1. Search the range 50-70 for residues being within 22 Å of Met95 (Cβ to Cβ) and modelled with pLDDT of 90 or more, and hand back the single one that is nearest to ligand 2 (Cβ to nearest atom).
2. Can you report the number of residues in the range 164-198 which are in contact (Cβ under 8 Å) with a residue 40 or more places away in the chain and either loosely packed, with under 12 Cβ neighbours inside 10 Å or part of a helix (DSSP H, G or I) (or both)?
3. Of all residues in the range 93-121, how many are of a type in the set (Ser, Thr, Tyr) and within 19 Å of Lys157 (Cβ to Cβ)?
4. Among the candidates Val117, Val109, which residue alone is within 16 Å of ligand 2 (Cβ to nearest atom) and out of contact with any Cys (no Cβ under 9 Å at 6 or more places or on another chain)?
5. Got at least one residue in the range 76-91 being touching a strand residue (DSSP E or B) at 6+ places or on another chain (Cβ under 7 Å) and either assigned to a helix (DSSP H, G or I) or away from ligand 1 (no atom under 15 Å from the Cβ) (or both)?
6. So, in the range 147-193, how many residues would count as being within 14 Å of ligand 1 (Cβ to nearest atom) and within 19 Å of Ile40 (Cβ to Cβ)?
7. Check off (1) of a type in the set (S, T, N, Q); (2) free of Cβ contacts under 8 Å to residues at least 60 places away in the same chain; (3) surrounded by fewer than 17 Cβ atoms within 10 Å (Cβ to Cβ) for Ser37 and give me the number that stays unchecked.
8. Looking only at the range 1-21, count every residue that is surrounded by fewer than 14 Cβ atoms within 10 Å (Cβ to Cβ) and assigned to a strand (DSSP E or B) and tell me the total.
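The values are calculated or read from the model by the stated rules, or taken from the named source; none is laboratory data. Fair warning: this is a prediction, and the values are worked out from it, not measured in the lab. As a convention, Cβ positions derive from the backbone with ideal geometry for all residues, glycine included, and neighbour counts pool all protein chains shown.
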Amino acid sequence: MQVHKAEYLSSAVKLEDCPKPVHPEYAFIGRSNVGKSSLINMLTDNKSLAHISSTPGKTKTINHFLIDDRWFIADLPGYGYARVSQVERAKWEKMIRNYFSKRENLACVFVLFDIRVSPQKNDMEFIEWLGKNGVPFVIVFTKADKISQREREVSVKVYKTRILESWEEVPQLFITSAEKKLGRDAMLEFIDSVNKQLS
Ligand code: GTP
Ligand code: MG
């Protein structure tokens, strides 16, 4: 699948402010700085659609993009950033939980993990929570350009082993690099196939 048109729609601080749920939606989530916004730009072949920052915590709202008038991308604010107050964290949790449990057009969540970072407690808790709430998700490893092929394989294996401690099977995985445009075709094919199942 090719992307021809990608438009920014809106930034929401709560579910009610999100666009009408008229198209299948793919949400991008993960720790602050994991590369959510960069991945969205890579997939849509657009350098500045989603705002990228070297400072963690850049994305603070639920940002919606309309792709080819047919599907939505939601760029979500990251979690796990240490320099965030308890109050901010509680606000984030409330917004995210509400979004995931009530967003009716949610087709799939892309949960992003930095391929260089070993499985973190809050990442594992987060996918547990998605599973328990019946939210469909797949795992996307980011920043693959930063390590060798061999190191990638080791890292993916560590994640698989860890996930199998609490899951019966490993969810679908994608290995990506926004820098090298790696994994783009595979992710777009996946989105296309889900869109077709839903239409
Ligand atoms: P928040 O919105 O703050 O939660 O961050 P985010 O997850 O949206 O991350 P963002 O896309 O802003 O990227 C964070 C940093 O990682 C930026 O400096 C990016 O340039 C860098 N980065 C993201 N993806 C890649 C990648 O695939 N390869 C490399 N080398 N750097 C990347
Ligand atoms: Mg971001």
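1. Here the residue is Asn63.
2. Of the residues in that region, 11 qualify.
3. 1
4. That would be Val109, the only listed residue that is within 16 Å of ligand 2 (Cβ to nearest atom) and out of contact with any Cys (no Cβ under 9 Å at 6 or more places or on another chain).
5. The answer is no, given that none of the residues of the range 76-91 is touching a strand residue (DSSP E or B) at 6+ places or on another chain (Cβ under 7 Å) and either assigned to a helix (DSSP H, G or I) or away from ligand 1 (no atom under 15 Å from the Cβ) (or both).
6. 12
7. Going through (1) of a type in the set (S, T, N, Q); (2) free of Cβ contacts under 8 Å to residues at least 60 places away in the same chain; (3) surrounded by fewer than 17 Cβ atoms within 10 Å (Cβ to Cβ) one by one, Ser37 breaks only (3).
8. Count: 2.
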